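The values are calculated or read from the model by the stated rules, or taken from the named source; none is laboratory data. Keep in mind it's a predicted model, so treat the numbers as computed, not measured. For neighbour counting, all protein chains shown are included, and Cβ atoms are generated from backbone atoms with ideal geometry for every residue, glycine included.
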Amino acid sequence: MPKLDFDTINLGHGSGGTLTSQLLNTGVFKLLENDLLNKKHDGAIFNLTGKVAMSTDSYVVTPIFFEGGNIGDLAINGTVNDLAMCGAAAKYLSLSFVLEEGLKMTEFWEILVSIKTACEAAGVKVVTGDTKVVERGKGDKIFINTTGIGEVHPKSNIDIDNIKAGDKIILSGPLARHGITIMSHRQGLQFETTISSDTRPLNKIVIELVEEFGEHIHLMRDPTRGGLATVLNEIAHDAKLGIAISQKNIPVEEEVYGACEMLGLDPLYVANEGLFVAVVDAAIADSFLQQLKQWEHGAASSIIGEVTTEHVKQVLMKSNIGGRRVVNMLAGEQLPRIC
């Protein structure tokens with residue numbers, strides 16, 4: 001960490017003057033430097049080819065540090081993944097901070113380092129941004145906003161209108177790690193094994209799958225806030241079709257399932273940050289799944305259900321004991337401040 005004149009963020013760091021310049025030049029610009037960011041302009045000028053996807057998101061998670069990551073890599077991965085769900089490889093990001101007076105410089109530096117590491121892992125550049133400081137008690141340490149721009153793969157045709165009856169629904173890994181990690185930190189819970197967030201970039205595996213299967217991938221979504229249940233309900237409603245899933249095929253790790261039981265939570269509604277749901281043509285579902293399983297995080301991936309013309313705009317789940325129940329969208333806010 002560079003030597004700064006202050007151990008904590010103060011209002012002067014948001015004034016646009018000497019302290020702002022010191023914070024940016026010795027911290028943000030130095031750590032995240034690249035040919036576009038180094039120009040220190042109010043915006044960035046670059047070339048893109050073909051179709052372009054754009055996404056923006058804000059991150060207000062508390063606590064800002066948790067097992068498996070922190071608000072910094074969460075912000076980068078979240079926007080990279082939103083673009084990946086469009087079939088796009090993220091190229092450039094904007095990065096904006098709202099810092100609370102009193103935030104420790106060591107904490108801010110650790111977040112910056114995690115941002116740099118996440119950018120390198122995803123192959124994306126931060127090219128512009130902004131920093132503001134608010135009074136103590138007005139900001140909960142740090143909020144981050146990121147906007148991403150990426151190039152859509154030429155073989156991609158991801159669109160809700162492509163979904164049809166018989167399509168298979170594939171989940172890329174086990175549910176609920178991120179939300180349970182955040183909740184356990186918040187409640188001070190201790191488990192026999194460490195549960196860590198699944199925050200990670202998904203762009204590389206998604207682009208590999210798009211390259212191989214192209215327009216046979218009809219839709220992709222990442223089940224973040226509201227979890228898997230909410231995403232599937234949104235798909236069923238927007239596609240005007242039904243979705244049938246099987247509980248036995250939905251991967252949930254034992255320690256996560258146990259934590260959910262302890263907290264009275266249903267894993268279907270708990271947030272994730274490193275998973276995606278794919279709706280694919282039945283003809284390529286098995287091949288898609290086999291390729292996904294070769295990914296370092298894809299061993300537990302599974303075909304969890306299919307699209308149907310029955311029970312339109314509803315999600316029905318066959319339980320482990322053979323019964324069926326309607327899986328509704330999340331009502332209210334189950335896990336506040338998880339991303």
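Data for the structure
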{"item": "Candidate set: the stretch 110-147, residues that are of a type in the set (Val, Ile, Thr) and more than 18 Å from LEU99 (Cβ to Cβ); chosen: the one farthest from the chain's Cα centre (by Cα)", "result": "VAL127"}
{"item": "Among the candidates ILE149, ILE144, ILE169, ILE205, residue that is surrounded by fewer than 24 Cβ atoms within 10 Å (Cβ to Cβ), hydrophobic (A, V, I, L, M, F, W, C) and under 29 Å from PRO267 (Cα atoms)", "result": "ILE205"}
{"item": "Filter pass, ASP167 being of a type outside the set (Phe, Trp, Tyr), in contact with a Gly (Cβ under 6 Å, 6 or more places away or on another chain), touching a residue at least 60 places away in the same chain (Cβ under 8 Å) and outside the structural domain of LEU23 (by TED's automatic domain parsing)", "result": "no"}
{"item": "Residue in the stretch 226-245 that is farther than 22 Å from LYS164 by Cα and surrounded by 17 or more Cβ atoms within 10 Å (Cβ to Cβ) present", "result": "yes"}
{"item": "Any hit, the stretch 291-311, residues being assigned to a helix (DSSP H, G or I) and in contact (Cβ under 8 Å) with a residue 40 or more places away in the chain", "result": "yes"}
{"item": "Which listed residue is crowded, with 16+ Cβ neighbours inside 10 Å and polar (S, T, N, Q), from SER156, SER196", "result": "SER156"}
{"item": "3 or more residues in contact (Cβ under 8 Å) with a residue 12 or more places away in the chain and surrounded by fewer than 23 Cβ atoms within 10 Å (Cβ to Cβ): qualifying helices (runs of 4 or more DSSP H) within the stretch 1-103", "result": "18-23, 29-32"}
{"item": "Criterion: assigned to a loop (DSSP other than H, G, I, E, B) and small (Gly, Ala, Ser) - qualifying residue of ALA278, ALA259, ALA271, ALA285", "result": "ALA271"}
{"item": "Test result for GLY137, in contact with a Lys or Arg (Cβ under 7 Å, 6 or more places away or on another chain), in a loop (DSSP other than H, G, I, E, B) and at positive phi", "result": "no"}
{"item": "Unique match (being in contact with a Cys (Cβ under 9 Å, 6 or more places away or on another chain), of a type in the set (A, V, I, L, M) and either over 30 Å from ILE149 (Cβ atoms) or not assigned by TED's automatic domain parsing to the domain that holds ILE304 (or both)) among VAL252, VAL256", "result": "VAL252"}
